[in-house]
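The values are calculated or read from the model by the stated rules, or taken from the named source; none is laboratory data. Owing to the predicted nature of the structure, the values given are computational and were not obtained by experimental measurement. Cβ: placed from backbone, ideal geometry, glycine included. Neighbour counts: every protein chain shown. In case anyone asks, the SASA skips ligands and DNA or RNA and just uses the protein heavy atoms, side chains included. Shrake-Rupley method; radii C 1.70, N 1.55, O 1.52, S 1.80 Å.
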Amino acid sequence: MSSDANTPVLRNCIQLPLPEEELLEVTAKAKDYAIMHGAAMRSKTAFSPDSLNFAPFVLVPSSFPRKEFEKAVALQPIINRLMHNVAHDEEFITTTLAETIKVDEFTAGLFNIYRKVLAHGFTQKISLGMLRSDLMLESGCPELSPRALRLEAGEDAEAAEGKEAGTAAAGTGRKEEAERKEHREKQLCQATRERERRATGAQSAYCCWKQVEINTIASGFGHLGPASKTIQRFVLSELGHADKLHNMPDNKALAGLCDGMVRAWEIYAKPKAVILFIIEDVSYNICDQRFHEFYIRETYPHIKVLRRTLTEVHREGKLGLSKELLLGSLEVAVIYFRAGYEPGHYHSQAEWDARYLMETSLAIKCPSIHYHLAGTKKVQQALAQPAVLERFINDPEEIKAVGKIFTGLYSLDDNEAGNASYEMALRTPERFVLKPQREGGGNNVYGVDIPDALKRMSRVERSAWILMDLIHPPLTKGYMVRPGGDMPPQIVDMVSELGIFGVVIGDAEHIMHNYQAGHMLRTKLSTANEGGVAAGMGALDSPYLIDSDDEDENN
Ligand code: ADP
Ligand code: MG
């Protein structure tokens, strides 16, 4: 939905369409290959713990500019450090979430645990962060964001935040002023696209990338990311394009993430202690989780992984004399949350109690509660404000590099700036996405649906949400293969979202490990708002790195 008839298209890695017979044969083979290599999920419509469907996938890899990919990879350790520092800044987290927790019960529940832990002191000072920074290419413009355009037009920074709306709307010419503004904002939007095309040449399909969100809890696809590459490598080879495989970057996400858990386990330093995965009542994305478990057992045969729901931890868990977390007779060294990020995972007070019990234990948590809070959309919005990064990053070059990844993010708090963002969203909703403090997909409100959603909220309720500029990724064209889908599949217009994994381990004073740990690419129909694979809208994909728009054109 963030694309239109003018959206540029990235060139394909191979020439499409494929002859029908070849397409049918390779698709059937690729489906089997996917199932047999664990690129699979439990069916939501015909669930059985005894069977798997292949996960939807894109047949050949989607193109992604090499330079932008490498930039994202290089930036990840800086983002890791940023998030680590944010998580340990009590004042920042508390002020940033102050308004939100007045109205958002779920975030308030998490914050309440944080408050209690702060009051008693952290039993375990070390945290394990396994982050995923999600990003999309922007086919609009780097410097010519609506904000920058306003600044360029001579309006001041406050106006760029929309703060002028209150005064403008106050007088008798309120309606005219609003119309004038609306017209100007439309012009600014068009100008953004136009100027970018002119500046970079008509063929350029992108200019930079922007962060969609940063995940600090249950950052999935450590297995499915690399597995997607495996399927597409097979397909390209089957189609006679083995010469192109070198453009598919290495992806060691599974190893990187699991090794992170094991580094934390080593720091805990009790040879008999286990790693605990916190899981949903029913895990559809079972392969992704299990492959983490299997990797650990295969690579480190002496380490045991347990899987428990929050409800089970409440039933079985207790603290020992040194506050170690005990499940029966087993001591837990590391807790990896693959659940606990949405209200539906907390059926009753029992699950909240279990979360608190774990938080107060000696186990190293991924994430610990402050890391979880640092990953909220509200914190992301606060980080994107001018001068805030300086609080967490020292190096001016790094501040500049991180500052560039944010697109416009606006507070909807009940104050002058928030109310101005509200007016701006009502005037030009098609420019925005509205986000609550939720994870896991399906919670956002897009474009023209925003005014109704906002009008249903009280001023105070709005502070549970943030407003964000829509990113307009370029299109790719390809075949999306789904269980029960058309055979042969049709060529469709798609857009991709790249996730870069990062691992960071440390306490408030020291970072002991900090590295980038592979990537994942999810691709959705260009008409879809969201592209969660587990949620059913997206498909597994992996990047095919291209150096310029003209190279390889006649393949
Ligand atoms: P969640 O925590 O639910 O995953 P996200 O912020 O990642 O929330 O949003 C879900 C999806 O919505 C993203 O994966 C992306 O497809 C789409 N989306 C989110 N923000 C934007 C944006 N600013 N521009 C375009 N699409 C977006
Ligand atoms: Mg997301």
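Which cross-chain or sequence-distant (5 or more) residues have an amide H under 5 Å from the amide H of A339, H modelled 1.01 Å from N in plane?
HN-HN under 5 Å from A339: I278.
Which pairs break 31 Å Cα to Cα here: K29/K210; K270/K377; K244/K377; K272/K435; K102/K365? Mind showing how you got there, number by number?
Values: K29/K210 36 Å; K270/K377 36 Å; K244/K377 38 Å; K272/K435 43 Å; K102/K365 26 Å.
Listed pairs above 31 Å: K29/K210; K270/K377; K244/K377; K272/K435.
Percent relative contact order of segment 424-515, based on C-alpha pairs within less than 8 angstrom and at least six residues apart? Before the final figure, lay out each step's value.
On the way: 101 pairs, mean separation 18.4, N = 92.
Once normalised by length, the contact order is 20 percent.
Return the long-range amide H neighbours of C13 (sequence gap of 5 or more, or a different chain), with a cut-off of under 5 Å between placed amide H atoms.
Excluding prolines and chain starts, which carry no amide H, the hits are S63.
Rounded, prolate or oblate: pick one for the chain, where a ≥ b ≥ c are the square roots of the eigenvalues of its C-alpha gyration tensor, a/c under 1.5 means rounded, and failing that, prolate if a/b is larger than b/c, else oblate. If you can, show how the numbers build up before the last one.
On the way: a/c = 1.75, a/b = 1.08, b/c = 1.61.
Oblate.
Explain nothing, just compute: Karplus ³J(HN,Hα) = 6.51 cos²θ - 1.76 cosθ + 1.60, θ = phi - 60°, for every residue of segment 327-337 in order, whole Hz, x for Gly and Pro.
The phi angles translate into 10, x, 9, 8, 8, 9, 8, 9, 10, 10, 7 Hz.
Amide H to amide H, which residues 5 or more places from H519 or on other chains are under 5 Å from it, using H placed in the peptide plane?
K252, A253, F501
Please say if segment 57-127 is rounded, prolate or oblate, where rounded means a/c under 1.5 for a ≥ b ≥ c the square roots of the C-alpha gyration tensor eigenvalues, and otherwise the choice is prolate for a/b larger than b/c and oblate otherwise? Could the numbers behind the result be given before it?
Numbers: a/c = 2.82, a/b = 2.03, b/c = 1.39.
The shape class here is prolate.
Give me the 1.4 Å probe accessible area per residue for the chain, excluding ligands and nucleic acids, in Å². Working shown, then result.
Values: 22580 Å² over 555 residues.
In whole numbers, the chain has 41 Å² accessible per residue.
In whole percent, and with a 1.4 Å probe on the protein chains, what portion of the accessible area of the chain is carbon and sulfur? Intermediate results must be reported in sequence, preceding the final value.
Values: 11570 of 22580 Å².
On the chain, the fraction of accessible area on carbon and sulfur atoms equals 51 percent.
Among S329, A387, Q15, whose Cα projects farthest towards the positive end of the dipole of the chain, with charges put on the beta-carbon of Lys, Arg (+1) and Asp, Glu (-1)?
S329
By accessible area of protein heavy atoms, probe 1.4 Å, what ranking do T95, T309 get, highest first? Please report the intermediate quantities before stating the final value.
Working: T95 95, T309 15 Å².
So the residues, ranked largest to smallest area, are T95, T309.
Treat every Asp and Glu Cβ in the chain as -1 and every Lys and Arg Cβ as +1, leave all other atoms uncharged, and give the resulting dipole magnitude about the Cα centre to the nearest 20 debye. Could the numbers behind the result be given before it?
Details: 63 positive and 77 negative charges, 232 e Å.
In total the dipole reaches around 1120 debye.
With θ set to phi - 60° and the Karplus curve 6.51 cos²θ - 1.76 cosθ + 1.60, what are the ³J(HN,Hα) couplings of segment 363-380 in order, to the nearest whole Hz, using x for Gly and Pro?
So the Karplus estimates, Gly and Pro as x, are 4, 8, 9, 10, x, 6, 4, 6, 5, 4, 5, 5, x, 6, 4, 4, 5, 4 Hz.
Relative contact order (percent) for the chain, with alpha-carbon contacts under 8 angstrom and 6 or more residues of separation? Don't skip to the answer; put the middle values down first.
On the way: 1078 pairs, mean separation 161.1, N = 555.
This gives 29 percent for the chain.
Could you go through segment 428-443 in sequence order and give the Karplus-derived ³J(HN,Hα) for each residue, using 6.51 cos²θ - 1.76 cosθ + 1.60 with θ = phi - 60°, rounded to whole Hz, and x for Gly and Pro?
Karplus-based 3J(HN,Hα) across segment 428-443 equals 9, x, 5, 8, 10, 10, 10, 10, x, 7, 9, 10, x, x, x, 9 Hz.
If I take every Cα pair under 8 Å that is 6 or more residues apart in segment 216-306, average their sequence separation and divide by the length, what percent do I get for the relative contact order? Can you show the working numbers first?
Numbers: 65 pairs, mean separation 32.4, N = 91.
Averaging sequence separation for qualifying contacts and normalising by length gives 36 percent for segment 216-306.
When the helix-only estimate is applied to the chain (DSSP H runs of n ≥ 4, each -39,500 (n - 2.57), divided by the residue count), what is the mean residue ellipticity at 222 nm, nearest 500 deg cm²/dmol? Before the final figure, lay out each step's value.
Numbers: 19 runs with 214 residues, N = 555.
The helix contribution divided over the chain gives -12000 deg cm²/dmol.
So how much slack lies between F122 and Q385, counting 0.36 nm per residue of separation and subtracting their Cα-Cα distance, in nm? List each step's numbers first, then the result.
Numbers: separation 263, 0.36 × 263 = 94.68 nm, distance 2.97 nm.
Contour length minus Cα-Cα distance gives 91.7 nm.
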